[in-house]
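One structure below.
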Amino acid sequence: MCLLLLSVMGDRVTIKIPRELFESLERRIEGTGFTSVTEFITFVMRTIASAGTVTGHDRLTDDEVSAIRKRLERLGYL
């Protein structure tokens, strides 16, 4: 199982993600103008946070949940 770990230092928080995800993001941001995975993740999180609150309309369908579970199983997380 994959856990999201946090540590707090001053005005910064460290979020630990699986190495495979980090390396995948590193490859994905090449040539995009993002200078680091941290910069990219911060951009994505700010974009999501600025979208407003999560409502009932934002819930995943049963098919989407099933697809996510299957993918996590194939990746070895479940």
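Structural remarks
- Scanning segment 29-78 for residues that are surrounded by fewer than 10 Cβ atoms within 10 Å (Cβ to Cβ), in a helix (DSSP H, G or I) and at pLDDT 90 or above gives no hits.
- Some residue of segment 17-28 being surrounded by 10 or more Cβ atoms within 10 Å (Cβ to Cβ), assigned to a loop (DSSP other than H, G, I, E, B) and at pLDDT 85 or above: yes
The values are calculated or read from the model by the stated rules, or taken from the named source; none is laboratory data. Since the model is a prediction, treat every value here as computed from it, not as a measurement. Ideal geometry is used to build each Cβ from the backbone, glycine not excepted, and the neighbour counts take in all protein chains shown.
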